[in-house]
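What follows is calculated from the coordinates using simple rules that are stated; it is not laboratory data. It should be emphasised that the depicted structure is a prediction, and the values quoted were computed from it without experimental measurement. All Cβ positions, even for glycine, are placed from backbone atoms using ideal geometry, and neighbour counts span all protein chains on display.
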Amino acid sequence: MPQQDHRAPDPRPGSEDADTRAEKIVARMVQRHGAPGLEHYRAGYANLRVAWPGDEEVRRIHPVTDAA
């Protein structure tokens, strides 16, 4: 028997999914305040005791201001 989806449908037709809304929020915050640099992300990863995935991976998954 296939599993049924019992979630209620989104009441707003044409509404965006959560990922799209989150991307728009991040873009708006970056536009207002600027994006953090790699050093900010390094500090955050270190504070959380999470292994640094590398500069390129961080640039791929987060908005980053490159120092000129």
Restricting attention to region 20-55, and to residues there that are of a type in the set (Gly, Ala, Ser) and assigned to a loop (DSSP other than H, G, I, E, B), which single residue is nearest to Asp66 (Cα to Cα)? Gly37
Can you give me the number of residues within region 36-61 that are in contact with a helix residue (DSSP H, G or I) (Cβ under 9 Å, 6 or more places away or on another chain) and surrounded by 10 or more Cβ atoms within 10 Å (Cβ to Cβ)? 10
